[in-house]
Amino acid sequence: MRLRNVTGSREVIADSRFVIHEPEKQKGKWNEIFEKDAPIHIEIGMGKGRFLMDLAAANPDIHYIGIEKYSTVLLRAIQKMEENELPNLRFIRMDAEDICEVFDKGEVARIYLNFSDPWPKDRHAKRRLPSRQFLARYNQILAADGRIEFKTDNTDLFDFALEEVGPAGWKIEAMTRDLHHDEKLSAGNIMTEYEEKFSSMGNPIYKYIIYR
Ligand code: SAM
């Protein structure tokens, strides 16, 4: 049996050319690392990176950056990139709380939040990635015509996220409580790892797209 070795994940990350190691130094000049200009789309809490790898393969003229807090999870994304390198995708290991240190005003064209951790306790609400505290951070880095796309199967988190939109100064462009049966929003949908897992269990998938 092949044992999974995640003990060396920090070392692998430190040596990986797919990871941007001092992301704050790229603030305002992210396109330099890709050597051409293109819109920058990011996924916050990308997990093992499957969604972004599929998007990056399908859209070579968009630059993708995946943000993940945990080394052991990011390691899986790096391993996938080693098997199938994509020139328009790079990763950052960081807590998204510091996102404004890393991207300049309006530098990001789209933000994806997929199956974000629910943080069910009320006192942890501000840690939820679609919270008004995070929306205020996204407001700084997102282009004026930018969009946030959020998917989850968690009813409480989705209801919470919807309640945060207005007070944070955002508007709903599109919304569904059953993405896979929504003719319009399901067109071109790319499944995430968690989406595949939860939809195969019969859970409906919720999605919103917001702008301001
Ligand atoms: N987006 C993937 C998907 O849909 O398959 C993974 C979803 S997983 C439930 C949530 C991921 O977000 C975890 O890998 C977690 O470590 C990461 N995450 C949660 N909070 C984060 C934060 N503040 N900054 C960066 N990553 C975070």
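Taking a probe of 1.4 Å, how large is the accessible area per residue of the stretch 41-195, in Å²? Kindly include the intermediate steps, with their values, before the conclusion.
Values: 7210 Å² over 155 residues.
Per residue, the stretch 41-195 has 47 Å² of solvent-accessible surface.
Round to the nearest 0.05 the FRET efficiency obtained for Ala187 and Asp61 when R0 = 25 Å and r is the Cβ-Cβ distance.
On the way: r = 20 Å, r/R0 = 0.79.
With a Förster radius of 25 Å, E is 0.80.
Under 28 Å between alpha carbons, and skipping anything fewer than 8 positions from Lys80 in its own chain: which lysines qualify?
Lys25, Lys27, Lys29, Lys36, Lys48, Lys69, Lys151, Lys197, Lys207
With +1 assigned to the C-beta of every Lys and Arg and -1 to the C-beta of every Asp and Glu, and no other charges, what is the dipole magnitude of the chain about the Cα centre in debye, to the nearest 20?
On the way: 32 positive and 36 negative charges, 84 e Å.
Using only the charged Cβ atoms, the result is roughly 400 debye.
Hey, rough spin-label estimate for Tyr70 and Leu162, points 7 angstrom out along Cα→Cβ, what's it come to in nanometres?
With each label placed 7 Å out from Cα toward Cβ, I get 2.9 nm.
Stretched out fully, how many nm does the piece from Lys25 to Lys197 gain, at 0.36 nm a residue minus the Cα gap?
That works out to 58.3 nm of additional length.
Counting helices only, and only those DSSP H runs with n ≥ 4, report the 222 nm mean residue ellipticity of the chain as the sum of -39,500 (n - 2.57) divided by its residues, in deg cm²/dmol to the nearest 500.
Numbers: 6 runs with 58 residues, N = 212.
Rounded to the nearest 500, the figure is -8000 deg cm²/dmol.
If I model a spin label at Gln133 and Asp117 as a point 7 Å from the Cα along the Cα→Cβ vector, what separation in nanometres do I get?
1.3
Taking 0.36 nm per residue of sequence separation and subtracting the Cα-Cα distance, how much length would be gained by fully extending the chain between Arg177 and Asp54, in nm to one decimal?
Going from the current span to full extension adds 41.9 nm.
Put +1 on the Cβ of each Lys and Arg and -1 on the Cβ of each Asp and Glu in the stretch 9-211; which of Phe18, Asn203, Thr155 then has its Cα farthest toward the positive end of the dipole?
Thr155
What fraction of the DSSP beta bridges in the chain is antiparallel, stated in percent and rounded to the nearest 5?
Bridges in the chain are about 30 percent antiparallel.
Of the listed peptides 40-53, 128-141, 154-167, 63-76, what is their order by residue-averaged count of other C-beta atoms within 10 Å, with the highest listed first? Before the final figure, lay out the partial values.
Details: 40-53: 23.6, 128-141: 19.7, 154-167: 16.1, 63-76: 21.4.
Packing proxy ranking, top to bottom: 40-53, 63-76, 128-141, 154-167.
Per the 1.4 Å probe, what fraction of the accessible area of the chain, in percent, lies on carbon and sulfur atoms?
Details: 5210 of 11210 Å².
Ligands and nucleic acids excluded, carbon and sulfur give 47 percent.
With a 1.4 Å probe and all protein chains kept in place, how do Leu113, Leu185 rank by accessible area, largest first? Intermediate results must be reported in sequence, preceding the final value.
Working: Leu113 0, Leu185 30 Å².
Accessible-area ranking of Leu113, Leu185, largest first: Leu185, Leu113.
The values are calculated or read from the model by the stated rules, or taken from the named source; none is laboratory data. Bear in mind that the values here come from a model prediction, so they are computed numbers and not experimental data. All Cβ positions, even for glycine, are placed from backbone atoms using ideal geometry, and neighbour counts span all protein chains on display. The protein model used for the area step is the full one, side chains on, heavy atoms only, and it has no ligands, DNA or RNA in it. Shrake-Rupley method; radii C 1.70, N 1.55, O 1.52, S 1.80 Å.
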